Amino acid sequence: MNKYSKIGIFDSGLGGLSVLNTVESLLKREGFIYIGDSLNAPYGTKTKDEVFELSKKICDALIAKDVKAIVIACNTATSAAVSKLRDLYDIPIIGMEPAIKPALKQTEGQVVVLATEMTLKESKFVNLVDKLEEGYRIAKLPAPEWVECVENHMGDEAYVKASVGQFLDAHIPNAQNLVLGCTHFIFLKDEIEKYYKGKVEIFDGNMGTALQLKNTLESMGLLLDEDIYQENEANRIEVINTKSDEYVSKSLNLLSILKRG
Ligand code: DGL
C-alpha cells in the first residue's frame with residue numbers, strides 16, 4: 001500500500017454510492033474501489049455479529065486489493081463493526097455519523113433521525129445523543145421500507161414517490177427538520193423535499209465523512225494532492241456488487257445521476 005493505492009468504500013448495497021459521490025467530489029485525484037453488498041442487503045435488520053462478519057469479509061476483499069484506507073459508507077455497519085474493524089486492520093477506517101449536531105443547531109424544536117433499527121439502538125448512536133445537552137429534542141424513526149425502495153426500485157419514479165409519501169403520511173406528516181442517518185435514504189432526498197414543499201431542512205453525514213477521510217490521509221502523507229492517480233482514468237472508479245452484474249450497471253447509472261446533481 002502507498003499513496004497511489006485506491007481508497008476502498010463499502011455499503012450493504014447501493015446507498016453508499018452517495019458517499020462515494022461526495023468523497024470523489026472532494027478528492028478528485030484519487031482512485032476508488034466501491035463494494036456494494038446487495039446480495040446481503042439489508043444489514044439493518046440483521047444481528048450485530050452478522051453485520052460484523054459481512055463487513056469483515058468486504059474489508060478483507062478491499063485489503064487484498066491493497067487499498068490505503070476504507071470508508072464504511074453505511075451507518076449500520078459503522079454502528080455494528082467500526083471499532084472491531086479498526087482493531088483488525090492497520091489502515092485508517094472511516095465511519096459514518098448521523099449529522100445530528102448541525103441539525104440541532106439549526107432547528108428550534110424536534111429533529112427526527114431516520115435510520116435503520118440497528119443504527120438507532122446501538123450504543124454508538126445512543127451515546128452520541130446522551131452526550132448532547134439537547135439530545136431530548138432528537139426523535140428516532142426506523143424506515144426499513146426505504147432501504148428496500150432504494151435497493152430495488154430506484155428509477156421507478158411512481159414507486160419512489162408512493163414509498164416516500166406513504167411513510168411520511170403515516171409517521172411525520174408535519175416534521176420540522178430531518179437527519180438522514182442511513183446512506184440509502186440520500187437517494188430519496190429530492191422526493192422528501194418535494195413532500196414537505198421545501199419547508200424542511202434535511203441533513204446527512206456524507207460531507208463530514210469525506211472531510212474526515214481527507215484530513216486523515218493528509219496527516220498520514222497519503223493524499224494525492226499534487227499527484228494524480230497513476231492508472232488510466234477509465235479505471236479510477238471501480239464498482240463491484242456482490243449480487244449481480246445488473247447491480248453494477250444500476251450502480252454506475254446511479255453514480256452518473258448523482259454526478260449530474
Ligand atoms: N446504507 C445502510 C446505512 O447507512 C443501511 C441499509 C441496510 O439496512 O442495509 O445504514
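Entry remark, segment 221-248: residues being out of contact with any helix residue (DSSP H, G or I) (no Cβ under 8 Å at 6 or more places or on another chain), in a helix (DSSP H, G or I) and within 17 Å of I33 (Cβ to Cβ) number 5 in total.
Counting just the residues of segment 8-28 that are assigned to a loop (DSSP other than H, G, I, E, B) and of a type in the set (A, V, I, L, M, F, W, C), which one comes out nearest to the ligand (Cβ to nearest atom)? Give the derivation first.
To start, the set of residues in segment 8-28 that are assigned to a loop (DSSP other than H, G, I, E, B) comprises 12-16, 27-28.
Right, trim to of a type in the set (A, V, I, L, M, F, W, C) and you get 14, 27.
Working: L14: 8, L27: 20 Å.
Looking at residues that are assigned to a loop (DSSP other than H, G, I, E, B) and of a type in the set (A, V, I, L, M, F, W, C), I get L14.
Looking across segment 44-70 at every residue that is under 14 Å from the mean Cα position of the chain (by Cα) and within 12 Å of the ligand (Cβ to nearest atom), the one that is surrounded by the fewest Cβ atoms within 10 Å (Cβ to Cβ) is identified as G44.
Filter segment 178-211 down to the residues that are under 17 Å from E30 (Cα atoms) and more than 16 Å from the ligand (Cβ to nearest atom) and list them by number. Answer for segment 178-211, where residues must be under 17 Å from E30 (Cα atoms) and more than 16 Å from the ligand (Cβ to nearest atom): just L211. Regarding segment 158-179, can at least one residue be identified that is of a type in the set (D, E, K, R) and farther than 30 Å from N253 by Cβ? No, there is no match, as no residue in segment 158-179 is of a type in the set (D, E, K, R) and farther than 30 Å from N253 by Cβ. Here A175 fits the description: surrounded by 14 or more Cβ atoms within 10 Å (Cβ to Cβ), of a type in the set (G, A, S), more than 16 Å from the ligand (Cβ to nearest atom) and at pLDDT below 95. The residue list K121, K140, K101 contains one member that is of a type outside the set (G, A, S), out of contact with any strand residue (DSSP E or B) (no Cβ under 8 Å at 6 or more places or on another chain) and within 14 Å of the ligand (Cβ to nearest atom), which is K121. All conditions but one from (1) more than 15 Å from the ligand (Cβ to nearest atom); (2) among the acidic types (D, E); (3) touching a strand residue (DSSP E or B) at 6+ places or on another chain (Cβ under 8 Å) apply to D90; the one that does not is (3). Determine which single condition S5 fails, assuming it passes every other condition in (1) within 15 Å of the ligand (Cβ to nearest atom); (2) more than 16 Å from the chain's Cα centre (by Cα); (3) more than 16 Å from K124 (Cβ to Cβ). So the condition that S5 fails would be (1). Candidates are the residues of segment 29-43 that are within 16 Å of the ligand (Cβ to nearest atom) and part of a loop (DSSP other than H, G, I, E, B); the one that is nearest to S5 (Cα to Cα) is D37.
So, T45, is that one over 29 Å from Y229 (Cα atoms) and either in contact with a helix residue (DSSP H, G or I) (Cβ under 6 Å, 6 or more places away or on another chain) or modelled with pLDDT under 95 (or both) or not? So T45 fits the description; yes.
Considering K189, K161, K194, the condition of being within 19 Å of the chain's Cα centre (by Cα) and either closer than 27 Å to L17 by Cβ or without any contact (Cβ under 8 Å) to a residue 24 or more places away in the chain (or both) is satisfied by K189 alone.
Scanning segment 125-145 for residues that are in contact (Cβ under 8 Å) with a residue 40 or more places away in the chain and surrounded by 18 or more Cβ atoms within 10 Å (Cβ to Cβ) yields F125, P142, A143. The C-beta contact set for segment 10-38 (first residue more than 11 Å from V239 (Cβ to Cβ), second residue polar (S, T, N, Q) and not in a helix (DSSP H, G or I), distance under 7 angstrom, 6+ apart or interchain) comprises D37/S12; D37/T242; S38/N241; S38/T242.
The values are calculated or read from the model by the stated rules, or taken from the named source; none is laboratory data. Here the structure is a predicted model, which is why all the values come from computation and not from measurement. We place every Cβ from the backbone using ideal geometry, glycine too, and count neighbours over all the protein chains shown.
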